[in-house]
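Down below is the structure, laid out as structure tokens.
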Amino acid sequence: MAAIDWKNLTFGYTPTNYNVRTYFKNGKWGALEVSSEETINIHMAATALHYGQEAFEGLKAFRGVDGKLRVFRWEENAKRLQASADAILMEPVPSELFLKALVKVIKLNEEFVPPFGSGSSLYIRPLLIGSGPQVGVRPAAEYLFIIFVTPVGPYFKEGFNPVDMEIVRDFDRAAPLGTGHAKVGGNYAASLKAGVRAHHDGYAASIFLDAKTKTHIDEAGPANFFGIRDGKYITPDSGSILPSITNMSLRTLAEDLGLSVERRHVLVEELSTFDEIGACGTAAVISPIKRIHDRDTGQDYLYCKDGKAGPISTQLYNTLQGIQLGTVEDKYQWNTIID
Ligand code: PLP
Ligand code: COI
């Protein structure tokens, strides 16, 4: 096992032994290569560098209570990478190739999967880029698909403790008919200024509104938004947010808990009516929110008055983590065991 302080990992890059790569050239994907290099060598006119042909994924592997290695819902990440590729005209990675690369990179780096009970996991980062040269604005003819892994702790340093976030109107992360629904680098570039300002001002993340009307909530930095009220799990329906796999899973678990699920526009004014709110994503898992500050109106919306996450968010969090760690029955077969 690698000499790592598993319990104190943050969401940062820790080097591992290997990554895996394959190139799409002359109309086909080549053999899967194992590399111990942390760098890639690409053409200076690669479309990824100039025209933003770049998409990525984020998923996790866990060491369960039984010592087994579980990957959570990889098929959904493979499908979403295909959808992201389609959104910016890249060559899609077939699911079989995605799985082959995934299994290989996890097995090669098994000693970097954090132990059960550490609160950490192995973050898996698939990356697809246009590696072929173009000077005119058009898609590349060559692509590189790479997966690296790195052991991580919680995305927000607070972990499952409630955080503050702020609503911004002076930045948009995505346009209504743009690429907000795809996991492409450009969306993250567009979110950096608001995100860095939010951190500087003491907030865990910025909450973006719909770019057209600025009346309803889109998403919370690198995570989807949800609210709980009157036995309902309510989450935004928007064409400019990332369709979160965590949110999809929480909707199922919420129904199992007897909540009804609503996917619809969530107006900013509605924030004052929720009992619990949170941000959810692979990296963030569930991050309960205790205060939302509106930068423009100065209004504060307050939750978690006792300083702790609400009961429904806690139940959802425990169930999701339990499934991922093998302590709660995986009745939907979301895990793939790697052996
Ligand atoms: N929204 C954005 C912008 C993200 O980057 C992520 C992270 O992947 C999410 C939402 C959550 O998606 P998922 O639950 O699939 O990780
Ligand atoms: C994730 O939740 O997997 C993400 O990719 C979020 C962020 C690190 C971009």
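The values are calculated or read from the model by the stated rules, or taken from the named source; none is laboratory data. Here the structure is a predicted model, which is why all the values come from computation and not from measurement. FYI the Cβ positions are ideal-geometry reconstructions off the backbone, even for glycines, and counts take in every protein chain you see. The area values use the complete protein model at the heavy-atom level, side chains included, leaving out ligands, DNA and RNA. Shrake-Rupley method; radii C 1.70, N 1.55, O 1.52, S 1.80 Å.
Spin-label model, GLU158 to LYS232: label points 7 Å out along the Cα-to-beta-carbon direction sit 2.5 nm apart. May I ask for the angle, rounded to the nearest 10°, between helix 95-108 and the longest principal axis of the chain, with both axes built from Cα atoms and the value confined to 0 to 90°? Helix 95-108 sits at roughly 90 degrees to that axis. For segment 42-149, averaging the sequence separation of C-alpha pairs within contact (under 8 Å, six or more residues apart) and dividing by the residue count gives a relative contact order of 38 percent.
Using the 1.4 Å probe convention, the accessible area of the chain works out to 44 Å² per residue with neighbouring protein chains retained.
What the Cα atoms of segment 6-152 give is an Rg and a Dmax of 15.9, 54 Å.
Is the shape of segment 138-225 best called rounded, prolate or oblate, per the rule: a/c under 1.5 gives rounded, else a/b larger than b/c gives prolate, else oblate, with a ≥ b ≥ c the square roots of the Cα gyration tensor eigenvalues?
On the way: a/c = 2.32, a/b = 1.18, b/c = 1.97.
Judged from the Cα gyration tensor, segment 138-225 comes out oblate (a/c at least 1.5, b/c at or above a/b).
Once the Cα atoms are used to define both axes, helix 74-87 deviates from the longest principal axis of the chain by about 80 degrees.
Taking only the Cα atoms of the chain, the radius of gyration and Dmax are 20.0, 60 Å.
With contributions of -39500 (n - 2.57) from each DSSP H run of at least four residues, the per-residue ellipticity at 222 nm computed over the chain stands at -7000 deg cm²/dmol. Note on HIS181: accessible area approximately 80 square angstrom, rounded to 10, probe 1.4 Å, nucleic acids and ligands left out. Counting heavy atoms of the protein chains alone, THR273 has an accessible area of about 60 Å² for a 1.4 Å probe. Contact order for segment 163-325, expressed relative to its length and based on alpha carbon pairs under 8 Å spaced 6+ residues apart, stands at 24 percent. Just the Cα atoms of segment 38-118, one point each, no solvent: what log10 I(q)/I(0) does Debye give at q = 0.18, 0.19 Å⁻¹? After summing over all Cα pairs, the log10 values are -0.89, -0.95. Amide H contacts of ILE289 (H built 1.01 Å from N, in plane; Pro and chain starts excluded): VAL163, ILE277, GLY278, ALA279 sit under 5 Å, all sequence-distant by 5 or more or on other chains.
If you average the sequence gap of Cα pairs under 8 Å that are 6 or more apart and divide by the length of the chain, what percent do you get for the contact order?
Working: 728 pairs, mean separation 66.6, N = 339.
Value for the chain: 20 percent.
Between amide H atoms placed 1.01 Å from N, distances below 5 Å from GLN299 occur with ASP294, all of them 5 or more places distant or on a separate chain. The HN-Hα couplings worked out from phi for segment 193-201 by the Karplus form 6.51 cos²θ - 1.76 cosθ + 1.60 (θ = phi - 60°) are 4, 5, x, 5, 4, 4, 4, 4, 8 Hz, whole numbers, x standing for Gly and Pro.
Taking CYS280, CYS304 and ordering them by how much accessible surface each has at a 1.4 Å probe, largest first, produces CYS304, CYS280.
Among ASN8, THR150, ALA83, flag the residue with its Cα farthest along the positive direction of the charge dipole of segment 6-152, charges on Cβ as +1 for Lys/Arg and -1 for Asp/Glu. The Cα lying farthest towards the positive end belongs to ASN8. Ranking GLU255, GLU158 by solvent-accessible area of protein heavy atoms (1.4 Å probe, all protein chains present), from largest to smallest, gives GLU255, GLU158. A convex hull fitted to the Cα coordinates of segment 251-322 yields 114 cubic angstrom per residue.
The count of lysine pairs in segment 1-100 whose Cα atoms are under 26 Å apart, excluding pairs fewer than 8 places apart on the same chain, comes to 12. Surface calculation, 1.4 Å probe, protein heavy atoms: ARG229 sits at approximately 40 Å² accessible.
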